[in-house]
Amino acid sequence: MPPIPGSGLAKGLAVTLRTMTRRTVTAQYPDAQPELPPRSRGVIGLFEENCTVCMLCARECPDWCIYIDSHKETSPPATPGGRERSRNVLDRFAIDFSLCMYCGICIEVCPFDALFWSPEFEYAETDIHELTHERDKLRDWMWTVPEPPALDPGAEEPKEIAAARKTAEKLEAQRDQAEQAEQTAQVERPHDEEGQA
């Protein structure tokens, strides 16, 4: 059976009429903020205290958009006769977001959890040179990083937490033994003093 002439136009107009009677779902962006998924890639935040200036993030970055400067400081020996220790001190950590392709390699390769994804995405600038964010700005982004999702209740406890718990229990047991020994010594002292008198 041949199609009726104009049936396609009628179907298209029917769709238009149906959608005209419904409410719009368009979010007016500046007034209504979007609800982003928890793992959104917005901007990279830096937790400066964890950074050891290992340079892994800068070396692995395919765009070479991470700039790191540091210097070495020596600290005196902890014990007499020991040797001086040297450590790297972070001077500059900057990311050029005009070059960044948001691949996340820098976050994945960081062995000390110094870099995190933040869902913030409103950092547009009128000048491209202002898209290079220094460590102070990256630290500000760190406070917008969401909490990690809760572990599955049936999941195995992470190795790091299990090792830390064992160490804490061992230290607590040693502390309890020391307190019991001290209490026993205090109880025995008055008896010794009475025997001497």
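The values are calculated or read from the model by the stated rules, or taken from the named source; none is laboratory data. What you see is a predicted model; the values in this text were computed from it and never measured. Positions of Cβ are generated from backbone atoms using ideal geometry, with glycine treated the same way; all protein chains shown enter the neighbour counts. Accessible surface is based on the protein model in full, side chains and every heavy atom, while ligands, DNA and RNA are left aside. Shrake-Rupley method; radii C 1.70, N 1.55, O 1.52, S 1.80 Å.
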Members of segment 144-184 found to be surrounded by 10 or more Cβ atoms within 10 Å (Cβ to Cβ), part of a loop (DSSP other than H, G, I, E, B) and hydrophobic (A, V, I, L, M, F, W, C), listed by number: Val145, Leu151
Qualifying positions in segment 84-102 - surrounded by 14 or more Cβ atoms within 10 Å (Cβ to Cβ) and either free of Cβ contacts under 8 Å to residues at least 12 places away in the same chain or in a strand (DSSP E or B) (or both): Asn88, Leu90, Phe93, Ala94, Ile95, Asp96
All positions within segment 23-53 that are of a type outside the set (Gly, Ala, Ser) and outside any loop (DSSP other than H, G, I, E, B): Val43, Ile44, Leu46, Glu48, Glu49, Asn50
Pair list, Cβ under 9 Å, 6 or more apart: segment 36-47 residue closer than 12 Å to Trp141 by Cβ, other residue of a type in the set (Asp, Glu) and part of a loop (DSSP other than H, G, I, E, B): Gly42/Glu120; Gly42/Glu122; Val43/Glu120; Gly45/Glu120; Phe47/Asp113
Answer from Ile128, Ile105 - the residue that is surrounded by 13 or more Cβ atoms within 10 Å (Cβ to Cβ) and over 13 Å from the mean Cα position of the chain (by Cα): Ile105
Only listed residue being touching a Pro at 6+ places or on another chain (Cβ under 8 Å) and modelled with pLDDT under 90, chosen from Pro38, Pro34: Pro38
Identity of the residue in segment 48-64, free of Cβ contacts under 8 Å to residues at least 60 places away in the same chain and more than 14 Å from Arg92 (Cα to Cα), that ends up nearest to the chain's Cα centre (by Cα): Leu56
Boolean, Trp117 is in a strand (DSSP E or B) and open to solvent by less than 80 Å² (accessible area, probe 1.4 Å): yes
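With respect to Pro62, determine if the residue is within 23 Å of Lys137 (Cβ to Cβ), exposed (fewer than 12 other Cβ atoms within 10 Å of the Cβ) and at pLDDT below 90.
On the way: within 23 Å of Lys137 (Cβ to Cβ): yes; exposed (fewer than 12 other Cβ atoms within 10 Å of the Cβ): yes; at pLDDT below 90: no.
No: the conditions fail for Pro62.
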